[in-house]
Amino acid sequence: MDSAEFPPVSPPDATVAAAARARQNALTKPAGSLGRLEDLSVWVAACQGHCPPRQFDRVRVVVFAGDHGVCRAGVSAYPAEVTAQMAVNIDRGGAAINALATVGGAGVRVVDMAINSDVSDVSVYKVRRGSGDIASQDALTAEQTVAAVDAGRRIADEEVDAGADLLIPGDMGIGNTTVAATLIAALTGAEPVEAVGHGTGIDDAGWARKTAAVRDALFRSRGVSDPLGLLRCCGGADLAALAGFCAQAAVRRTPVLLDGLASSAAALVADRLAPGARAWWQAGHRSPEPAHALACAALGLEPILDLRMRLGEGTGAAVALPVLRAAVAALASMSTFAEAGVSGPASKAHG
């Protein structure tokens, strides 16, 4: 089988979802009074195929890192060498994602897919040193695209085989919001001005350069509609690996908590690589980046949190993780009316 071909994705268990919803309605509270937590708990139960759901035992954040040639167009407030420096920082435990993942009880791993220098122990899956400038050339060759998707797939398998029961895809790459906005615009039909935000904090002149780069990349990719073609033309090794990771998690029936712009752009591609994969994902938070709202709408996902976070790395999803844990705890640990000896809702009078 071609490594870029994914087997059919089976949906979460609908019978278990119905049982979880029935249990929610029997708990000692007015039906629906825990709002979104109830929906999330039903989703977790359906993904696990078990009601009540089990609390997550091994949550893993995997940060996919890579450099992007489009940085040379002045689309970021930070220099390209920050990618490698931050990958080392994450590997050593000193980044925001490390701090925030600890709060939710998640482990963190960083993988070098296309950093423009070597980062020792995290470079085993490296595809190339920096992806091409998507405004003027393909990001990857066809072979590199398949290799990157396959790397993401194998990393998902490694984590699931090691016991991961919830995965969070993270990203680290100066310039990756430009690439992500391009992929989302290509897949949703949005105009560059609708999709481009201020990323790491660029000024208006930087926003204009970024918008022009996205416009040029979209012009180059016109007529390309297949997911691998888009990743090759206007993606990058890190985004391709993210897509393979999200798709394979769904194949392995493992729920995913998406982060912000980069992971959602990759998820849009992943749902085309493995149709139906989106049923296994939740959006951890809402990024202020306009393309993120476009991606969530296209995927039919409602973000759990909106804290104006735009860092990436998996941080927004990491902050949402305790909310997901709370949803599981409520459904699994609360008593039903019958168990607690509490009177249920009064029946409606007739006649």
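Miscellaneous remarks
- Filter result for Leu230 (buried (at least 24 other Cβ atoms within 10 Å of the Cβ) and touching a Phe, Trp or Tyr at 6+ places or on another chain (Cβ under 7 Å)): no
- Qualifying residue in the stretch 118-128 (condition: more than 18 Å from Gly314 (Cβ to Cβ), open to solvent by 60 Å² or more (accessible area, probe 1.4 Å) and at pLDDT 95 or above): yes
- Residues of the stretch 18-55 satisfying the condition of being under 15 Å from Asp165 (Cα atoms) and of a type in the set (Ser, Thr, Tyr): Ser41
- Residue ID - farthest from the chain's Cα centre (by Cα), chosen from residues in the stretch 1-55 that are open to solvent by less than 40 Å² (accessible area, probe 1.4 Å) and among the β-branched types (Val, Ile, Thr): Val16
- Any chance Ala96 is under 19 Å from the mean Cα position of the chain (by Cα), modelled with pLDDT of 95 or more and farther than 25 Å from Val149 by Cα: yes
- Pair list, Cβ under 7 Å, 6 or more apart: the stretch 139-167 residue touching a residue at least 40 places away in the same chain (Cβ under 8 Å) and more than 17 Å from Val269 (Cβ to Cβ), other residue open to solvent by 10 Å² or more (accessible area, probe 1.4 Å) and in a strand (DSSP E or B): Glu159/Arg60; Ala164/Arg60
- Test: residue in the stretch 100-112 that is open to solvent by less than 60 Å² (accessible area, probe 1.4 Å), of a type in the set (S, T, N, Q) and closer than 30 Å to Pro322 by Cβ: no
- Only one entry in Asp91, Asp57 is in contact (Cβ under 8 Å) with a residue 12 or more places away in the chain, outside any loop (DSSP other than H, G, I, E, B), acidic (Asp, Glu) and farther than 21 Å from Ala243 by Cβ, namely Asp91.
- When residues of the stretch 177-203 are limited to those that are of a type in the set (S, T, N, Q) and open to solvent by 10 Å² or more (accessible area, probe 1.4 Å), the one nearest to Ser123 (Cα to Cα): Thr177
- When Ala243, Ala330, Ala274, Ala247 are checked against the criterion of being farther than 26 Å from Ala142 by Cα and touching a residue at least 60 places away in the same chain (Cβ under 8 Å), Ala330 stands alone in meeting it.
- Looking across Gly284, Gly223, one residue alone is in contact with a Pro (Cβ under 8 Å, 6 or more places away or on another chain) and in the same structural domain as Ala101 (by the TED database). It is Gly284.
- Selected residue [without any contact (Cβ under 8 Å) to a residue 40 or more places away in the chain, in a helix (DSSP H, G or I) and more than 25 Å from Arg153 (Cβ to Cβ)] from Ala84, Ala46, Ala19: Ala19
- Some residue of the stretch 330-351 being within 14 Å of the chain's Cα centre (by Cα), over 19 Å from Gly104 (Cα atoms) and small (Gly, Ala, Ser): no
- For Ala84: the one exception among (1) touching a Phe, Trp or Tyr at 6+ places or on another chain (Cβ under 9 Å); (2) assigned by the TED database to the domain that holds Val108: (1)
- Search result, residues across the stretch 223-282 that are among the β-branched types (Val, Ile, Thr) and under 16 Å from Leu299 (Cβ atoms): Val256, Val269
- The stretch 132-154, subset among the charged types (D, E, K, R) and assigned to a helix (DSSP H, G or I), residue surrounded by the most Cβ atoms within 10 Å (Cβ to Cβ): Arg153
The values are calculated or read from the model by the stated rules, or taken from the named source; none is laboratory data. Fair warning: this is a prediction, and the values are worked out from it, not measured in the lab. Please note: Cβ atoms are built from the backbone with ideal geometry, for glycine as well, and neighbour counts cover all protein chains shown. For accessibility, only protein heavy atoms count, side chains too; no ligands or nucleic acids. Shrake-Rupley method; radii C 1.70, N 1.55, O 1.52, S 1.80 Å.
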